[in-house]
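Heads up, the thing below is written out as structure tokens.
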Amino acid sequence: MGATDSAPARGGAGSRRRTQNASMADVARVAGVSSQTVSRVSNGFPGVNEETRQRVLAAMKELGYRPNSAARALKRGDFRTIGVITFTLATTGNVRTLEAIATSAAEEGYAVTLLPVAVPTQDEVRGAFSRLGELAVDAVIVIMEVHLLDSARLSLPPHVKVVVADSDAGDRYAVVDTDQAGGSRDAVRHLLGLGHDTVWHLAGPEGSYAAQRRTAAWQAALEEAGRVPPPLVHGDWSAESGYRAGLRLAEQDDCTAVFAANDQMALGLLRALHERGRRVPQDVSVIGFDDIPEAGSFLPPLTTVHQDFAEVGRRCVDGVLRQVREGGTDRGTTLVPTRLVLRESTAPPPEVR
């Protein structure tokens, strides 16, 4: 097409087309500096005067040069990526927490790599951790029950910082958790304050840390009020399990108030009570836990404990990045407050009205 196709690179559109895969040496030649100087400018290191820096940047632009971010990450040990290990994306809490993690990480200039665990066993979790080194992450957030993290059997890459979400890691890891106990106490105290003699509990799975904390707080709140806790009824977080449990609770004539450990089980409970002719809240008051987006559209709209999943996700990112930037390892638990959202599924018991 003309001289620009064969002449050495000196600028202009033709040279940019010809050098679209330009190297650091090409930039150094055009800018009239050493490759080391180009590297320092590319990595944002100090010690380069402004005139030289601008000349190098102009050469990069002219040649269409893009620094190799992967190579820079390997050299500097900074991959700007956070791994997230989770067992399931089927729960509202996990999905909303993950969404907040991804958003917060992006605001800090970090990408997120999801490492789903098919089955919640130590072998599966150990396999996920072993893949961290291959995927080159700076930190990992674990959204999973901590009893699966057997530290004696896991081999964590030494540079990886860890935060565990919604679990009990003791002093082994940094933890960000919703105030499970506080939210449960608020739910029980609200129902007792309405005049109910006691509060039945539709609990989550026995192996779940969150379910255990909510159950323990329910029992403690009743005992503090001088009430004898009724027999515990378990579900598995699903609406179907709430329905099955609700059929049994509907047969208890003295059951006038139920605290369900999550909103999905509360939904199944509402259906069972309706089918058995127990009106909510006229005959039985119901409180859930989570405050899922649909909770206000239940029939009746559900009183529930609001969890701030977005704040949990943000604090998880803040926690791992603080460890990355400061070079230390955090321990202990950060609690995110809950709040009771009053709707139309709770009222005084029939004898009080």
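The values are calculated or read from the model by the stated rules, or taken from the named source; none is laboratory data. Please read all numbers here as calculations on a predicted model, not as lab measurements. Here the Cβ positions follow ideal geometry from the backbone for every residue, glycine too, while neighbour counts run over all protein chains shown.
Can you tell me how many residues in segment 236-254 are among the small types (Gly, Ala, Ser), in a loop (DSSP other than H, G, I, E, B) and within 30 Å of the chain's Cα centre (by Cα)? Spell out how you get there, then give the answer.
Just the residues of segment 236-254 that are among the small types (Gly, Ala, Ser), to begin with: 238-239, 241-242, 245-246, 250.
Checking which are in a loop (DSSP other than H, G, I, E, B) leaves us with 238, 250.
When the remaining residues are screened for being within 30 Å of the chain's Cα centre (by Cα), the result is 238.
So the count comes out to 1.
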Margin query: Given the options Thr334, Thr346, name the one that is among the polar types (S, T, N, Q) and closer than 23 Å to Met265 by Cβ.
Written below: Thr346
Next item on the list: Can you tell me which residue within segment 174-199, out of those that are under 19 Å from the mean Cα position of the chain (by Cα) and of a type in the set (D, E, K, R), is nearest to Phe309 (Cα to Cα)?
Entry: Asp177
Checklist line | Entirely in segment 279-353, the strands (runs of 3 or more DSSP E) that have 2 or more residues that are closer than 22 Å to Leu202 by Cα | finding: 285-290, 303-306, 339-341
Check: Could we say that Pro337 is farther than 30 Å from Leu273 by Cα and surrounded by fewer than 15 Cβ atoms within 10 Å (Cβ to Cβ) here?
Finding: yes
Note to self: Can you find a residue that is over 13 Å from Val163 (Cα atoms), surrounded by 15 or more Cβ atoms within 10 Å (Cβ to Cβ) and not basic (Lys, Arg) anywhere in segment 311-322?
What the structure shows: yes
Next item on the list: Report, ordered by the first and then the second residue, all pairs with beta carbons closer than 8 Å, sequence separation of six or more or different chains, a first member in segment 316-335 that is assigned by TED's automatic domain parsing to the domain that holds Tyr110 and closer than 10 Å to Tyr173 by Cβ, and a second member that is exposed (fewer than 15 other Cβ atoms within 10 Å of the Cβ) and basic (Lys, Arg).
Entry: Arg331/Arg172
Check: So, of the residues in segment 96-111 that are of a type outside the set (A, V, I, L, M, F, W, C) and part of a helix (DSSP H, G or I), which turns out to be nearest to Pro293 (Cα to Cα)?
Finding: Arg96
Item checked: Criterion (at pLDDT 95 or above, β-branched (Val, Ile, Thr) and surrounded by fewer than 24 Cβ atoms within 10 Å (Cβ to Cβ)) met by exactly one of Val305, Val280, Val284, Val258 -> Val280
Notebook entry, point to check: What pairs can you find where one residue is in segment 38-53 and at pLDDT below 80, the other is loosely packed, with under 10 Cβ neighbours inside 10 Å and small (Gly, Ala, Ser), and their Cβ atoms are less than 9 Å apart, with a gap of 6+ or different chains?
Noted result: Arg40/Gly47
Checklist line | Close pairs from segment 188-207: first at pLDDT 95 or above, partner among the basic types (Lys, Arg) and not in a helix (DSSP H, G or I), Cβ under 6 Å, at least 6 apart | finding: Thr198/Arg227
